[in-house]
C-alpha cells in the first residue's frame, strides 16, 4: 500500500462538480439505554463508574460462562428499526465476529451477520436548497460493545495501555445505511435526523461526545455517470457531527487529487486527525470473510411473531416528521417554526402542553394561543435557555404558566413589554405569572380615571411638546405617550392612554 500523503489538503464546501460523483455510506453504533448489559446482569451505566467495577465472569470472558440475551435490548432495536421503516423478519440469530484486539477479551464479538433483527428500511433527509430524498437502511442489528483502552505515556516516556471492562458487553445497535448519500452535507443531515429519531423514541442518549453514538463513514469517488462503485475508504475516529462533515470534505478533496494524478485509491481504513484536519492511513480494509463469522453456539435464535412486532410498534411515539407536518396544519405554524419546535421530543411536548394545558381543553379558544406560544418559545424562552446552558426539559416555567402569561397579555392585565420582565422572573423562580405580577406590582393600569390623572400631570410638565402637537406636529404625541408610559413604568394600557391623552390635547387646542 502506498504511504498516505502527509500534507494537509484544503477544505472545500463543494466537491469538483461533474467530474466525479461522491458515494457515502454510514455505519452508526448506538449504545442502548438499558439498565443491564447485553448478555449478563451487570449495570450498563459505566460512564462515571470506577474502572473495572461493573464486571462479572460473562463480560470478562472467563472460561465456562454462558451469555443470556437482554430482552429489552432486542425490543429497543426492533423499535428503532420500525421507526426507520425496516422490515422485521420472524427469525434472526447471533453470530461470532472473530478478530484479535486487546479490547475484546473473548477474541470475538457477539454480533449479527446474515440474519439480523431487521433490514430494508429508509430515512428521509432534506439538505437546504434541495428536494427531500430517501437514504436506504440496509440493516439495523444488535451486538455487544467492547472494553475501553486508554493509552498513556509515563514520566519516563514509555507508552502503555490500560483496559477498562465496564463498557464491555453494553448493548450496541448498529445501523448500516446504503451508499446513497452524495455529499458531506447529506451525511451530516442523515446523522442529525437519525439522532433525532433515536432520542424521540427514547432508546439512546445518542450523544457523540459521550461515545454512545459513534459513526464510521465509507466514502468513494467514481466518474460521473458511472454505475460501478470506486474503492471504499472507511474513515474512523470522528467524535462529532462537525468532525464527520470535515473528514468527508477532506476525503473528497484527497481522493479527487489522487484520481486526477492517475493513482489508484486503495481500499483501506483511515483515521481522522482533528488537530491536523486530515485523514491518515491505518490499515487495509477488512472484508466480511476476514472476520470468519459463524453462528453463536451459546445463544438460541430470536423468533419474533407478528403480534410481538405489533406490540412494539404500538409503543412508538409520533415521530418528528409526522409531528412537524401536524404542527404546520393544526397550529398554522410555518415549516421553519414547526421544524425548530419539533427538534426534540421534550420541546414539542412542551409546546403542545402550553398551547392547550391540562384542563383547558383542546378547543379553538385554547388553540388561539398557538402562534404566541411558538413566538415565546423560539424567542425569549430560547434566549434564556441558551444563556443558562439549559434544556427545556429542565425549565422551571411550567407549560400551563406560559399559557397563563399569554392569557394575561390578551386580556389586558399586563402589556407585552411588562410580560417580558414577568417571564424572566418566572424563568428564575418557577413562580406562576399572577404571583410574579402581584409581587412586583406590575398589573396593567386600565382604569380611565387613574390614567386621566397621569395624563394631566404629563401635559402640565411638558408645555413645549404640547404646544408642538397643537401646532400640528404629530411626532410630539409619541413623545408625550412615552412620558406617560415612563410615569407608570410601562403599566398603563397603551391604547387607553393614547386615547385619553389625544382627547385632552384636542379638547384644549
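The values are calculated or read from the model by the stated rules, or taken from the named source; none is laboratory data. Just so it is clear, the model here is predicted, and its values are computed rather than measured. Virtual Cβ from ideal backbone geometry, glycine too; neighbours counted across all protein chains shown.
Looking at region 290-309, is at least one residue exposed (fewer than 14 other Cβ atoms within 10 Å of the Cβ), at pLDDT below 95, in contact with a helix residue (DSSP H, G or I) (Cβ under 7 Å, 6 or more places away or on another chain) and on the phi < 0 side of the Ramachandran plot? Within region 290-309, none of the residues are exposed (fewer than 14 other Cβ atoms within 10 Å of the Cβ), at pLDDT below 95, in contact with a helix residue (DSSP H, G or I) (Cβ under 7 Å, 6 or more places away or on another chain) and on the phi < 0 side of the Ramachandran plot.
If you check residue 253 against the conditions, is it surrounded by fewer than 16 Cβ atoms within 10 Å (Cβ to Cβ), on the phi < 0 side of the Ramachandran plot and part of a helix (DSSP H, G or I)? The answer is no for residue 253.
In region 98-112, of all residues being in contact with a strand residue (DSSP E or B) (Cβ under 7 Å, 6 or more places away or on another chain) and surrounded by fewer than 19 Cβ atoms within 10 Å (Cβ to Cβ), the one that is nearest to residue 145 (Cα to Cα) corresponds to 103.
Does residue 247 count as within 30 Å of residue 340 (Cα to Cα) and assigned to a strand (DSSP E or B)? The answer is no for residue 247. If you check residue 148 against the conditions, is it surrounded by fewer than 23 Cβ atoms within 10 Å (Cβ to Cβ), in contact with a helix residue (DSSP H, G or I) (Cβ under 6 Å, 6 or more places away or on another chain) and under 24 Å from residue 43 (Cβ atoms)? Yes: the conditions hold for residue 148. Selection over region 152-177 of residues that are in a loop (DSSP other than H, G, I, E, B) and more than 16 Å from residue 37 (Cα to Cα) gives a count of 5.
Among the conditions (1) part of a loop (DSSP other than H, G, I, E, B); (2) closer than 22 Å to residue 207 by Cβ; (3) out of contact with any strand residue (DSSP E or B) (no Cβ under 7 Å at 6 or more places or on another chain), the only one that residue 61 does not satisfy is (2). Might you let me know whether region 207-230 holds any residue that is assigned to a helix (DSSP H, G or I), modelled with pLDDT of 95 or more and either touching a strand residue (DSSP E or B) at 6+ places or on another chain (Cβ under 8 Å) or crowded, with 20+ Cβ neighbours inside 10 Å (or both)? No, the conditions are met nowhere in region 207-230. One residue alone among 165, 173 is in contact (Cβ under 8 Å) with a residue 60 or more places away in the chain, surrounded by 22 or more Cβ atoms within 10 Å (Cβ to Cβ) and over 27 Å from the mean Cα position of the chain (by Cα), and that residue is 165.
For region 231-253, a residue qualifies if it is out of contact with any strand residue (DSSP E or B) (no Cβ under 7 Å at 6 or more places or on another chain) and over 14 Å from residue 188 (Cα atoms), and exactly one does: 253. The selection criterion, being at pLDDT below 80 and outside any loop (DSSP other than H, G, I, E, B), holds for residue 450. Going residue by residue through region 46-54, is there one that turns out to be part of a helix (DSSP H, G or I) and in contact (Cβ under 8 Å) with a residue 12 or more places away in the chain? No - not one qualifying residue is present in region 46-54.
Conditions (1) under 30 Å from residue 185 (Cα atoms); (2) touching a strand residue (DSSP E or B) at 6+ places or on another chain (Cβ under 6 Å), marked per residue:
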residue: 38; (1), (2): no, yes
residue: 71; (1), (2): no, no
residue: 78; (1), (2): yes, no
residue: 120; (1), (2): yes, yes
residue: 128; (1), (2): yes, no
residue: 139; (1), (2): yes, yes
residue: 147; (1), (2): no, yes
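Looking only at residues of region 35-50 that are more than 27 Å from the chain's Cα centre (by Cα) and buried (at least 16 other Cβ atoms within 10 Å of the Cβ), we find that the one that is nearest to residue 299 (Cα to Cα) is 39.
Checked against the criterion of being closer than 30 Å to residue 102 by Cα, modelled with pLDDT of 95 or more, assigned by TED's automatic domain parsing to the domain that holds residue 137 and out of contact with any strand residue (DSSP E or B) (no Cβ under 7 Å at 6 or more places or on another chain), region 186-204 has at least one qualifying residue. Residues that are on the phi > 0 side of the Ramachandran plot and out of contact with any helix residue (DSSP H, G or I) (no Cβ under 8 Å at 6 or more places or on another chain) do occur in region 64-71. Exactly one residue out of 383, 396 is modelled with pLDDT of 95 or more and assigned to a loop (DSSP other than H, G, I, E, B), and it is 396.
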